[in-house]
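All remarks here apply to the structure that follows.
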Amino acid sequence: MAPRPASLDADSGRRGTETARETAPGSDHEAMRLRGIRGATTVDANTKEAILEAAIELLSAIIEANEIERDDVASAFFSTTPDLDAEFPAVAARQMGWSHVALMCAHEMDVPGSLPMCLRILLHVNTARKPGELQFVYLRGARALRPDLAGAED
C-alpha cells in the first residue's frame, strides 16, 4: 500500500489545506474553502425541455440562495433517477454560460421506493462560508427528501 500523504494525517494541522485565495494574516476575510452544496428537484416529463427547465430552475435557485459567483464554482455533478434519460442535465449549465466549469452527469441507484423523476445537483464551490451557512435547495416533489431544509416557499 502506498504511504498516506502527510496532509491527510490528523496530526498534520492545517498543512495541505491552504488555498491560493487565502488572505494575509490579520485580514478581515476568511480563507476560501471548497464546499459542496446540494440540491434536488423533480422533473415533469422525460423530455429534453422538461429536464433542462428543471435543471436551470434548480441551478439558479442554488446560485441565488448562496450568492455564488460563476468563477467560484469548481465543478458540478448532476444526477438523475434512471427514468430521466432524454437529455444530460449539465447541458443547462452550458446554456447558462458555464463553459469553463467541470461538469459530470450520472444516474442515481435504482432503489425500490425512491423518489422517481428526480434530478440532483452537487456543486463544488470555493467559498469563505462555513458549512452551516450554506443553503441546500429542494424544489417541487424533492422537498420530501429533506423537509427540514426545503422551506415553505413555492
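For the pair Ala45 and Ala74, the difference between a 0.36 nm per residue extended length and the Cα-Cα distance amounts to 7.5 nm. Summarising the label geometry, the points placed 7 Å from Cα in the beta-carbon direction at Glu67 and Arg94 lie 3.3 nm from one another. Straightening the chain between Ser114 and Ala144 buys 9.7 nm, computed as 0.36 nm per residue apart minus the Cα-Cα spacing.
Can you give the local net charge around Asn66? Use residues other than it whose beta-carbon is closer than 12 angstrom to its beta-carbon, Lys and Arg +1, Asp and Glu -1. Summing Lys and Arg as +1 and Asp and Glu as -1 gives -2.
Applying 1/(1 + (r/R0)^6) with r as the Cβ-Cβ distance of Ile56 and Lys130 and R0 = 25 angstrom yields a FRET efficiency of 0.35.
Taking a ≥ b ≥ c as the square roots of the eigenvalues of the Cα gyration tensor, an a/c ratio of 1.5 or more together with a/b no larger than b/c marks the range 54-154 as oblate.
No value in this document is a laboratory result; all are computed from the given coordinates. Everything numeric here is computed off the predicted structure, so don't read it as measured data. Positions of Cβ are generated from backbone atoms using ideal geometry, with glycine treated the same way; all protein chains shown enter the neighbour counts.
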